[in-house]
Amino acid sequence: MARTAEYSIKGYLYQFLRYLSEILAAGPGTKITIEGAIEDVDVAAPGFTTAVQCKYHEAVDKFSLSKIYKPVLLMLQHFSHNSSATPEIRYRLFCHFPDQNGTRQLSKDELKSVLATKSEAMQKIIERIAPGVDHGVFLARFTIEFGQTSEGLQKSVLATLSAKGFSAEDVDAIIFPNAIQRIVDTATRSAITDRTVDPATFIEALRDVRRVTFTRWTRALASRAQIAKRLREDLAPSLAHNVRRRTFVINPGMIEKFDDTIVAFIKGFVERYCCKYLHEYPPLFLITGDYDVDALATRLHDAGLTAATGMVGSAFRANAFFKKPMRRKTPLEIEFRLGLARRSVVTEDPPQRPDELFLVNVTDDVWAKKDVAVHRFEIERLSDLEYVLKLRKEYA
């Protein structure tokens, strides 16, 4: 199951890489539609449109015609109803099989074999093909392109980005992951016009990117360790400040073994960044959803950490949550080391805005205002966050 999930993720990533590859290779006057009206990506060049479908078959040892029956039939179906469209539509199946490379055409005999399939699912597509379709014209417009592995395609995209004039030190860790995330964001938009990209504008927009992005797709990238390392380096100066108001808003829903790891994560952060007399602002941890925050406070207490929860009897009081802890310098004694609450009960703004707001699997927050340094993370395990916050030495 784990391998199946890995191949599924690679399949999606392969499509995103191909979309980016098409954008980087596009000539003047070309428009790219991601999740196009025809196929996975429609490349509208002057005079013709190429409809591209992407398939990734790393788990399959050898190419066989049966593996591409469905995309061939779907493209033939579209052609049968749009053969006279202007501009002319061409069809390209971009796929990866370990034993294939280069490009090839489909023969008439192979197309006959595809159409002769007895598969019930394929028969439903065949029934939608318009009668009298000219197979010869379709085959002249149809090409199979065998691509690289996902890792190989990533290397090719990185090389192309470097050739576009981006700084070599920024390509792996900043430009590439931001480009992939922009592809993902574009692919999820509902209107076709919003999924249509002008390649030159897309590339120029990347030149203004300065911050590392860490999303759920980062872990699937071959350069994920470099991305995490760059983010770790970028966060280091702010983490070195003694006087810093830091708030974490965490959605535990998608984090593996959250309940097993959250105490160690909070303890590690507090012991590193709220351990001196000069650390006068304890970090705040706000948990979204229905997670049992009271039980977490008890577990932290048992682990040696006292948290301000804002609870006065059975009611939440913001002034009890936001208050600064009493401190004694010698011997060092701090009343509490962190604030902990369910996000939904903290409805008031803090007396002073956070210096840094860490949004973990949270899209946005009302405290994400101007002049607040907002760091967004989409993660599946807290170890990613531990590494970039310097709570562990190695990225795993």
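What are the residues in the stretch 298-337 that are closer than 30 Å to ASP364 by Cβ and touching a residue at least 40 places away in the same chain (Cβ under 8 Å), if any? The answer is LEU300, LYS324, PRO325, PHE336, ARG337.
Applying a threshold of 9 Å to beta carbon distances and a minimum spacing of six or more residues, or different chains, the list of pairs starting in the stretch 233-248 at a residue that is among the basic types (Lys, Arg) and ending at one that is part of a helix (DSSP H, G or I) reads ARG244/SER238; ARG244/TYR273; ARG246/SER238; ARG246/LEU239; ARG246/PHE269; ARG246/TYR273.
The set of residues in the stretch 21-66 that are of a type in the set (A, V, I, L, M), touching a Ser or Thr at 6+ places or on another chain (Cβ under 6 Å), in contact (Cβ under 8 Å) with a residue 24 or more places away in the chain and surrounded by 22 or more Cβ atoms within 10 Å (Cβ to Cβ) contains only ILE34. Residues of the stretch 166-182 that are of a type in the set (Asp, Glu) and either free of Cβ contacts under 8 Å to residues at least 12 places away in the same chain or more than 18 Å from ILE23 (Cα to Cα) (or both): GLU169, ASP170.
Only residues that are assigned to a helix (DSSP H, G or I) and either touching a Ser or Thr at 6+ places or on another chain (Cβ under 8 Å) or without any contact (Cβ under 8 Å) to a residue 40 or more places away in the chain (or both) were counted in the stretch 142-165, giving 10. Can you confirm whether the stretch 250-265 contains a residue that is loosely packed, with under 15 Cβ neighbours inside 10 Å, touching a residue at least 12 places away in the same chain (Cβ under 8 Å) and in a loop (DSSP other than H, G, I, E, B)? The answer is yes, given that some residue of the stretch 250-265 is loosely packed, with under 15 Cβ neighbours inside 10 Å, touching a residue at least 12 places away in the same chain (Cβ under 8 Å) and in a loop (DSSP other than H, G, I, E, B).
Evaluation of ILE174 against the conditions (1) assigned to a helix (DSSP H, G or I); (2) touching a helix residue (DSSP H, G or I) at 6+ places or on another chain (Cβ under 9 Å); (3) closer than 30 Å to LEU76 by Cβ; (4) of a type in the set (Val, Ile, Thr) shows that the sole unmet condition is (3).
Of the set (1) surrounded by 13 or more Cβ atoms within 10 Å (Cβ to Cβ); (2) in contact with a Phe, Trp or Tyr (Cβ under 9 Å, 6 or more places away or on another chain), all apply to LYS329 but (1). Regarding the stretch 338-358, can at least one residue be identified that is without any contact (Cβ under 8 Å) to a residue 40 or more places away in the chain, in contact with a Pro (Cβ under 7 Å, 6 or more places away or on another chain) and in a loop (DSSP other than H, G, I, E, B)? No. Taken together, the residues in the stretch 364-382 that are closer than 16 Å to THR218 by Cα and surrounded by fewer than 18 Cβ atoms within 10 Å (Cβ to Cβ) amount to 2. Taking the numbered list (1) part of a helix (DSSP H, G or I); (2) closer than 21 Å to SER64 by Cβ; (3) among the basic types (Lys, Arg) in turn, LYS124 passes all entries but (2).
Would a scan of the stretch 87-106 turn up a residue that is closer than 14 Å to GLU39 by Cβ, part of a helix (DSSP H, G or I) and in the same structural domain as GLY152 (by TED's automatic domain parsing)? No - not one qualifying residue is present in the stretch 87-106. The single condition among (1) within 18 Å of LEU93 (Cβ to Cβ); (2) surrounded by 15 or more Cβ atoms within 10 Å (Cβ to Cβ) that VAL184 does not satisfy is (1).
The values are calculated or read from the model by the stated rules, or taken from the named source; none is laboratory data. Predicted, not measured: the structure shown is a model, and the values here were computed from it. Positions of Cβ are generated from backbone atoms using ideal geometry, with glycine treated the same way; all protein chains shown enter the neighbour counts.
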